[in-house]
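K.L.:
Got a structure for you, written out below as structure tokens; questions coming shortly.
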Amino acid sequence: MLNWIRAQEQDHCFLNSVNVSTSPFRHFHLHFPHKGFREEAWGNFKTKNCFLYSYEDHSIAKITEPKYQKKHDLYVGKTSHRYDDFYSEIRLI
């Protein structure tokens, strides 16, 4: 499904295998600093047409725990439309 969405939306940002308990931007900045997520790692989010990320290695029960859902905006910023699809989340800003 994610590959189909990525093919439909030319202007997208995709982060794979993110951790439920931390900001995906902070994780990618620490482990892949050349990807350019420094500002977003510290909460200075850039507007995106489409932001996709996958919790590939986590159970649905873990992903949907209220303590993690409460931190959604802190980790990835606010969104105008949010679509959850089992192991992935699609954000359209």
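The values are calculated or read from the model by the stated rules, or taken from the named source; none is laboratory data. Not measured: the values here are computed from a predicted model. A quick note on method: Cβ atoms are made from the backbone with ideal geometry, for glycine too, and the neighbour counts reach across all protein chains shown. Accessible surface areas use protein heavy atoms only, side chains included; no ligands, DNA or RNA. Shrake-Rupley method; radii C 1.70, N 1.55, O 1.52, S 1.80 Å.
K.L.:
What range in the chain is the longest one free of trypsin sites (Lys or Arg not before Pro) that are in a loop by DSSP and have at most 15 other Cβ atoms within 10 angstrom?
P.N.:
1-45
K.L.:
What is the spin-label model distance, in nm, from GLN10 to HIS34 if the labels are put 7 Å beyond Cα along the C-beta direction?
P.N.:
So the two model labels end up 2.7 nm from each other.
K.L.:
Okay, moving on. Going from most exposed to least, what order do ILE60, ILE5 have by accessible area with a 1.4 Å probe?
P.N.:
Numbers: ILE60 65, ILE5 20 Å².
Largest accessible area first, the residues go ILE60, ILE5.
K.L.:
Evaluate 2.2 N^0.38 Å with N set to the residue count of the chain, then give the Cα radius of gyration divided by it.
P.N.:
The reported ratio for this selection is 1.01.
K.L.:
How much of the DSSP beta bridge set in the chain is antiparallel, as a percent to the nearest 5?
P.N.:
75
K.L.:
What part of the accessible area of the chain, given as a whole %, is carbon or sulfur when the probe is 1.4 angstrom?
P.N.:
Within the chain, the accessible surface is 53 percent carbon and sulfur.
K.L.:
Could I ask something else about it? Leaving ligands, DNA and RNA out of it, work out the accessible area of SER80 with a 1.4 Å probe and give it in Å² to the nearest 10.
P.N.:
80
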